[in-house]
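Take a look at the structure below.
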Ligand code: F6R
C-alpha cells in the first residue's frame, strides 16, 4: 500500500527520496510525489502513474535542491488516482506539506468544521484534512500543534510532515499504521518500511501508537501525544541487502520462489538442536498447553490459507479444536473467546490492519495471542504475547511465496513441539516428523529443478478463461492457495473446491475443455480423488493432476500429470504448493502481466 520516505541530513534529499520510493514500489501504488524544503520554499511535485513519471518531471531529482524532504507513493482509498489526490498535500497558506498512510476516519466532520472557518480544499482526500488542520492549529510550536492534531484525528495514520518555518526539522507521527525512523550519521530518515532506507542505515526506531517525533539531522526527540518525552529503544536490522535486489532474476516472484529451499532451511534448522525442536520464543508450559480449550487462527489471504493447513494439522496431531477465521470477519462476528483460548495470528508483514484489529479484539477478551510473523518489530509482533518469526527475509513480490512456505514450516514446528509436550505423539513419531522437516528443503529443490515441465503446462493453458483447483483435506487447503496465486497475478478466474463438494453444485460449470487442476497427494484419500477426477473428465474437463511418485499411475486417467516427491501427508503442502506457484508465475509471464505488482493489489494492506 502507500509508501512513505523522508530525509533530513547533509545530502541532496530529492534523489534519496526517489531511491527510497523505488524500493517501496513493490507495495503497490498509483501515483507518487515529493515535497522538498529548499531553504526558502516548499517545492512540491507529483505525478500520476509510475514513479518514473515523477522522476522524469524532476530530472531524476536533480532539479530540486534541498536537504529536507518527504516522498510518497499513493494507493488510492479516498478519491480516485489523480495528481490532485496524490501526496504530499499542502495546506492552504503553503506552510505545511504532508504525506500520510492510513485512513482518517473522522475526516468529513473535520473538513466541515474547517470549511466553516474558511479553509479551502483542493483534493478529495482524507489526508488533505490533516495538512489543513495542522496549519489551522499552528501556533509556532510544532509539538503543541501536533499534540492538538493527535487529539483530534481518529483512525489510522503514519504521517511525515515538513513545515516552511522549520527548515531543520522533519516531523513524524503515527497510529496503527507503520512508521519507522532510520538513524544515520548526521542524517536521519523516516519510512513506512525498512527496505526504503536499508542502503543508508540499519539502526531503527519504531514509533509507537500516538507518538510524535521531531527529527533533526543529528537528533531525534520522541513524545507521546500529550507532549511527554519518551525514550525510544533503537534496534538493528540485519537483513541482507541482496535479498531486496532481483539478483539476475526477471521478477522478484521467481527469485522468491527459487529461494524457498533456503528460506525453509533458515526457518527450521536453527530451531532443531540435538534432534529436538527448540522454540526459545515460546512461553508455554505443559500446564498452559493442557488448559487450552480451543485454538483460533486469524489471518488474511495466503496467510489464511496457511491457517487452513494448520487447522488440519493441529486437529490431527494435537487433538484440540481449531477454528480458522478470516481476520476481517473475526472482530465483527462476536467471537467466543476467553482466557482458555489460544489465538494464533499469521502475517508476513506484521502490519495487516485486519489481522491487527482481530488480534486486539482477541486480547481484549482475555485470549493469549501467539503470532507467526516475518517482519521483526512490526505492529502484530509488538502486540502479541509470543512471536515466532519466519525469518524469510524481505519479500518484495506482492504475491507471497517464500513467506507462505516459511509460515507452513513454523506451523509444523509448533504442532510437533506442542503435540510432543502433551504426549499426543510418540518419540518415534516425533523423530520421524523432525526427519521429514529437515528433508523439506532438498525435496523443494527437486521440484524447482523441474520447473520447465511446469512452464510447458503453462504454455498450454495460459489462454484459459476459468480454471478449477480441487483437492481433499490439506490438498484442498493448498488448492485455495494455488487458485489465489493464479488469479492475483494472471487475472484468470479460478475457483478452489473441496473435490467432494463439486457435485453439489459447481460441477455444472465444468464444460468441454475446462481445466481442472486436481491435487491428489494424500494416501488415504487417493481413491476418492480418482473418482472425483473421473467425474469431471466425464463432463469434458481437461485434468492436470498433481500427485506423488507412489501414485504415478494417476497419469493414466489424467491429461497431464505433475509428479512430486513424498514426505509425510502432514507436510505435503510444502511440496505441492511449489508447482502451483510456478504455474501461476509462468501463466502470468506468458500473458505479459505485471507479475511483481499486479493491478489493484498492495503488498502490505494497512487499512481495514
Ligand atoms: C497473496 C498475498 C496476500 C497476503 C495477505 C496477508 O499472495 O500475499 O493474500 O497473504 O494480504 O498479508 P500478511 O501476511 O502481510 O498479513
- Scan region 164-197 for residues that are surrounded by fewer than 24 Cβ atoms within 10 Å (Cβ to Cβ) and closer than 16 Å to residue 137 by Cβ and jot them down. 164, 165, 166
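From the residues in region 582-596 that are part of a loop (DSSP other than H, G, I, E, B) and away from the ligand (no atom under 12 Å from the Cβ), which one is surrounded by the most Cβ atoms within 10 Å (Cβ to Cβ)?
First, pick out the residues of region 582-596 that are part of a loop (DSSP other than H, G, I, E, B): 591-596.
Keeping just the survivors that are away from the ligand (no atom under 12 Å from the Cβ) gives 591-594.
Values: 591: 15, 592: 8, 593: 18, 594: 12.
Top of the filtered list is 593.
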- Message: With without any contact (Cβ under 8 Å) to a residue 60 or more places away in the chain, touching a strand residue (DSSP E or B) at 6+ places or on another chain (Cβ under 7 Å) and surrounded by 22 or more Cβ atoms within 10 Å (Cβ to Cβ) as the only criterion, which of 104, 70 stands out?
- Response: 104
- Could you list all residues from region 566-581 that are in contact with a strand residue (DSSP E or B) (Cβ under 7 Å, 6 or more places away or on another chain) and assigned to a loop (DSSP other than H, G, I, E, B)? 566
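Residue-by-condition table, conditions (1) modelled with pLDDT of 95 or more; (2) more than 24 Å from the chain's Cα centre (by Cα); (3) within 16 Å of the ligand (Cβ to nearest atom); (4) over 18 Å from residue 420 (Cα atoms):
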| site | (1), (2), (3), (4) |
| --- | --- |
| 273 | no, yes, no, no |
| 277 | yes, yes, no, no |
| 281 | no, no, no, no |
| 284 | no, yes, no, no |
| 288 | no, yes, no, no |
| 293 | yes, yes, no, no |
| 300 | yes, no, yes, yes |
| 303 | yes, no, yes, yes |
- Query: If a residue has to be surrounded by fewer than 17 Cβ atoms within 10 Å (Cβ to Cβ) and either assigned to a strand (DSSP E or B) or touching a residue at least 12 places away in the same chain (Cβ under 8 Å) (or both) to count, how many in region 210-243 make the cut?
  - Reply: 17
- Report whether or not residue 545 is surrounded by 21 or more Cβ atoms within 10 Å (Cβ to Cβ) and either on the phi > 0 side of the Ramachandran plot or not in a loop (DSSP other than H, G, I, E, B) (or both). yes
- Within region 486-501, identify whether any single residue is part of a helix (DSSP H, G or I), within 30 Å of residue 387 (Cβ to Cβ) and within 16 Å of the ligand (Cβ to nearest atom), and answer yes or no. yes
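Return the residue satisfying two criteria in turn: it lies in region 438-472 and is closer than 30 Å to residue 270 by Cα and in contact with a strand residue (DSSP E or B) (Cβ under 9 Å, 6 or more places away or on another chain), and of such residues it is farthest from the ligand (Cβ to nearest atom).
So the first thing to find is which residues in region 438-472 are closer than 30 Å to residue 270 by Cα, and the list is 438-451.
Still in the running and in contact with a strand residue (DSSP E or B) (Cβ under 9 Å, 6 or more places away or on another chain): 438, 443, 446-447, 450.
On the way: 438: 26, 443: 22, 446: 24, 447: 19, 450: 23 Å.
Ranking the qualifying residues of region 438-472, first place goes to 438.
Out of 455, 443, 460, report the one residue that is out of contact with any helix residue (DSSP H, G or I) (no Cβ under 8 Å at 6 or more places or on another chain) and not in a loop (DSSP other than H, G, I, E, B). Explain how you work it out, then say what you get.
On the way: 455 fails: out of contact with any helix residue (DSSP H, G or I) (no Cβ under 8 Å at 6 or more places or on another chain); 443 fails: out of contact with any helix residue (DSSP H, G or I) (no Cβ under 8 Å at 6 or more places or on another chain).
Exactly one residue qualifies, and that residue is 460.
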- Message: On the basis of being out of contact with any strand residue (DSSP E or B) (no Cβ under 6 Å at 6 or more places or on another chain) and surrounded by 23 or more Cβ atoms within 10 Å (Cβ to Cβ), does residue 133 make the cut?
- Response: yes
- Query: In region 268-287, how many are out of contact with any helix residue (DSSP H, G or I) (no Cβ under 7 Å at 6 or more places or on another chain), surrounded by 11 or more Cβ atoms within 10 Å (Cβ to Cβ) and either without any contact (Cβ under 8 Å) to a residue 12 or more places away in the chain or more than 16 Å from residue 370 (Cα to Cα) (or both)?
  - Reply: 3
- Write out, first by first residue and then by second, each pair whose Cβ atoms fall under 7 Å of each other, whose residues are 6+ apart or on separate chains, and whose first residue, in region 423-445, is more than 28 Å from residue 402 (Cβ to Cβ) while the second is part of a loop (DSSP other than H, G, I, E, B). 424/319
- Item | For residue 124: the one exception among (1) within 29 Å of the chain's Cα centre (by Cα); (2) closer than 22 Å to residue 21 by Cα | (2)
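Just one of 532, 561 is touching a helix residue (DSSP H, G or I) at 6+ places or on another chain (Cβ under 8 Å), buried (at least 21 other Cβ atoms within 10 Å of the Cβ), at pLDDT 95 or above and more than 24 Å from residue 308 (Cβ to Cβ); which is it? Outline the logic, then answer.
Values: 532 fails: more than 24 Å from residue 308 (Cβ to Cβ).
When all the criteria are applied, what remains is 561.
Filtering region 473-485 down to residues that are away from the ligand (no atom under 16 Å from the Cβ) and surrounded by fewer than 24 Cβ atoms within 10 Å (Cβ to Cβ), which residue is farthest from residue 513 (Cα to Cα)? Give the steps one after another, and end with the answer.
Taking region 473-485 first, the residues away from the ligand (no atom under 16 Å from the Cβ) are 473-476.
Those left that are additionally surrounded by fewer than 24 Cβ atoms within 10 Å (Cβ to Cβ): 473, 476.
Numbers: 473: 26, 476: 22 Å.
Once the filter is applied, the top-ranked residue is 473.
Going through 139, 165 one at a time, which residue ends up being under 21 Å from residue 226 (Cβ atoms), at pLDDT 95 or above and assigned to a loop (DSSP other than H, G, I, E, B)?
Checking each option against the conditions leaves just 139.
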- Out of 489, 467, report the one residue that is within 23 Å of residue 563 (Cα to Cα), touching a helix residue (DSSP H, G or I) at 6+ places or on another chain (Cβ under 9 Å), buried (at least 21 other Cβ atoms within 10 Å of the Cβ) and modelled with pLDDT of 95 or more. 467
- Message: Consider region 519-542. How many of its residues are part of a loop (DSSP other than H, G, I, E, B) and either closer than 18 Å to residue 479 by Cα or without any contact (Cβ under 8 Å) to a residue 24 or more places away in the chain (or both)?
- Response: 6
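The values are calculated or read from the model by the stated rules, or taken from the named source; none is laboratory data. Here the structure is a predicted model, which is why all the values come from computation and not from measurement. Neighbour counts run over all protein chains shown; Cβ positions are idealised from the backbone, glycine included.
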